[in-house]
1. Order of 130-136, 77-83 by packing, highest average Cβ count within 10 Å first?
2. Sorted by average packing, counted as other Cβ atoms within 10 angstrom per residue and highest first, what order do 158-167, 328-337 take?
Amino acid sequence: MSSNHPKRALFIVGALLLVAIGFVIGTTVMSTSASSVYLLPQQQATAVPVSAATTENERYFSDIYNRVSPSVVSINVSGTSSDGSQFGASGTGFVVDKNGDIVTNDHVVADASQIEVNFLDGTIVKGTVVGLDPDSDLAVIKVDLPAERLTPVTFGDSDKLFIGETTMAIGSPFSQRWTLTTGIVSALDRTIGGQTKYSVGSVIQTDAAINPGNSGGPLLNLQGEVVGVNSQILSETRSNSGVGFAIPSNLVKRVSQILIDKGSIDYSYLGIQGASSLDLALIQALKIPNNTRGVVVSRVEQGGPAALAGLKTASAPTEINGENVPTSADIITAIDGINITDMSGLVSYLAIHTEPGQKINLSVLRDGQQLTIPVTLTARPASS
């Protein structure tokens, strides 16, 4: 169906590309029928004194900002494109330890030959890449500063977030450094694309204003803890439309520590493609309870762990009410006793809680019968 409205796009909120005449948002890296993904920039902030009439909530936001903003950095990068042209870009990051390690997005620094890191107190230093993880769109860079000059953030537990919880973002939208925006958790357990063919699960959706330049910056709770890394926006205009996405802190903590320790990360691999939609036709065809939740196995990768363990997909779809329905496909409902309600949860569980070579037990619904299937995970194949 045609529409006169411009198509919305899911944009990486990361690097704002700098060109001779101004700022241009970076490359669209993934799209759906009505969505695509953009990169974001940064800015410099001026402290504003709090008036006597300031409300208690406003003081609370101000206190958190004053406590966390010294941990937040703006990142300027430059390099040479594949066509030989020079480029510049900017994003955001935050300090995670006293050793000078800083978390940001992979898409902010991956192609940079030079990295400049700016601190709130005016300090400007060179940054070097410690490790990159394009699958999760996370990266760690390092600066050489004395420990007493560094203020690490505190991480919160992203699994404890709830819809409606207040959120705050600090970053550099449109190169406006150390900008604070506020909002709420609009939804949980979203799935977004990384910088490769693999997806990121348990993603946080927020309406806190996120724009080009916010990429790699922290999403905070009311304790001033980092609960996510701002990464993408859904927008018709490449600017904030109230639908932003942040990589959950529990994944960020694991990935960043492994990047610091090893420089790279190997994820475990199950070897399936799945669909989260258990619609009424499928539920009726399978004769399962209407409240059944899980991941329908739509494809099993040949020679992968799931195939070797005997997981099954539909050999041929059955037509029900004019629709092709994979009635013989397995439905994964739990991993090691932890309920899996959708593909986002499955992707997130594997990324955060498992390693290559680990043996897991899948709870699988097959032809109305509940089975337990042991699977030995392997390392995720490199993305082509």
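All of the numbers you see were taken from the coordinates with simple rules; none came from a lab. Since the structure is predicted, the reported quantities are computational estimates derived from the model, not experimental observations. Reconstructed Cβ throughout: ideal geometry from the backbone, glycine too, with neighbour counts over all protein chains shown.
1. Details: 130-136: 21.7, 77-83: 12.7.
Order by mean packing, descending: 130-136, 77-83.
2. Values: 158-167: 15.4, 328-337: 19.1.
Put in order of decreasing packing, that is 328-337, 158-167.
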